[in-house]
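> Please find one structure pasted underneath; my questions will follow.
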Amino acid sequence: MLRQGAPEITARAIIKAIKRLKHYIKTAFGRSKDSYGDDPSKEPSGLLQGNGMAPPGWSTVASVLVNIMKAQGFGYQTWSLISQRAIEITCFQFIDDTDLIHSTTDDSKPTAELLIEAQAALSTWEGILRSTGGALAEDKSYWYLVEMIYKRGKWRYATSTNCPVDLFLANGDKSKRKEVHHPSEALGIQIRPDGKMINERKYLIAKAKEWADSIRTK
């Protein structure tokens with residue numbers, strides 16, 4: 001925060017206040033007698049959800065991480081046919097949910113070489129995330145390979161069967177790979193790299209039926 005021009009007295013006051021907070025669990029049966037927190041000797045686990053300082057506070061960290069990825073040459077560059085402008089994307093990010101993108105503008109570059117770069121991108125991101133005290137949530141992490149292959153007279157998306165490749169996390173485990181037709185929920189939307197919205201349609205219909213049933217019965 002100091003790097004972005006925040007007054008030191010303000011930053012210290014926020015951290016000091018968070019260190020002194022006492023947290024209780026409150027349910028329909030009342031507030032818990034036991035609490036946690038109020039330990040000035042320990043660093044706070046974060047700026048806390050609901051704190052107006054938390055979003056810009058995270059942005060000061062995220063902006064550094066994204067700039068590092070950009071400086072290392074990771075990302076996606078293309079030319080917009082509609083706006084006639086160059087587009088450069090490093091990632092899509094919302095709070096702690098980040099979708100990294102890596103591609104190439106060289107059509108002659110083999111897939112194997114691109115995957116080496118993708119592995120470097122994943123390792124770099126995981127490393128700089130750890131340097132801030134964070135970590136990847138392995139159970140929420142996954143990746144897609146979007147590549148077209150010519151098969152039986154048609155262009156088709158490559159699958160893990162005809163293009164068996166892997167990316168690895170720092171601990172040596174394989175990062176979960178998903179097929180392009182398998183949806184993933186991002187910000188409440190069922191997204192598929194092949195662009196089809198079949199799963200989102202089913203998801204919205206199910207939500208509408210659930211809402212209607214709740215109104216009908218309650």
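Since every read-out is calculated from the coordinates, none of them should be taken as a lab result. Model, not experiment: these values are computed from the prediction. With ideal geometry, Cβ positions are generated from the backbone for all residues, glycine too; neighbour counts draw on all protein chains shown.
> What percent does the relative contact order of region 121-218 come to when contacts are Cα pairs within less than 8 Å and at least six residues apart? Can you show the working numbers first?
Details: 81 pairs, mean separation 18.9, N = 98.
Across region 121-218, relative contact order equals 19 percent.
> Given the rule -39500 (n - 2.57) for each run of at least 4 DSSP H residues, summed and divided by the residues of the chain, what is its mean residue ellipticity at 222 nm, to the nearest 500 deg cm²/dmol?
Counting only the DSSP helices, I get -11000 deg cm²/dmol.
> Can you tell me the order of 27-37, 87-97, 152-162, 59-69 when each peptide is scored by its average per-residue count of other Cβ atoms within 10 angstrom, highest first? Don't skip to the end; give the middle numbers.
Details: 27-37: 8.9, 87-97: 13.3, 152-162: 10.9, 59-69: 15.9.
In decreasing order of mean packing, 27-37, 87-97, 152-162, 59-69 become 59-69, 87-97, 152-162, 27-37.
> Kirkwood Rh over alpha-carbon pairs of the chain, then Stokes-Einstein at 25 °C and 0.890 mPa s: what D in µm² s⁻¹, rounded to an integer?
Details: Rh = 21.5 Å.
Taking Rh from Cα pairs, D becomes 114 µm²/s.
> Whole angstrom only: what separates the Cα centroid of region 161-218 from the Cα centroid of region 33-61?
What the calculation gives is 31 Å, centre to centre.
> Same structure, new question: Say the cut-off is 22 Å between C-alpha atoms; which of K154/K176; K140/K174; K178/K202; K16/K42 go over it?
K154/K176
> Contact order normalised by length for the chain, with contacts defined as Cα pairs under 8 Å and 6 or more residues apart; what percent is it? Walk me through the intermediate numbers first.
On the way: 199 pairs, mean separation 20.2, N = 218.
Answer for the chain is 9 percent.
> Separate question: Fewest to most neighbouring Cβ within 10 Å: what's the order for I15, I82?
On the way: I15 15, I82 5.
Lowest to highest Cβ neighbour count: I82, I15.
> Something else: Can you give the extra length, in nm with one decimal, that the chain gains between D213 and K42 once fully stretched, where that is 0.36 nm per residue apart less the Cα-Cα distance?
On the way: separation 171, 0.36 × 171 = 61.56 nm, distance 4.77 nm.
This chain segment gains 56.8 nm when fully extended.
> At S32 and D194, where each label point lies 7 Å from the Cα along Cα→Cβ, what is the point-to-point distance in nanometres?
Between S32 and D194, the label points sit 4.6 nm apart.
> How would E147, E210 line up from fewest to most surrounding beta-carbon atoms within 10 angstrom? Provide the component values of the computation, followed by the final result.
Numbers: E147 16, E210 10.
Final ranking by Cβ density, sparse to dense: E210, E147.
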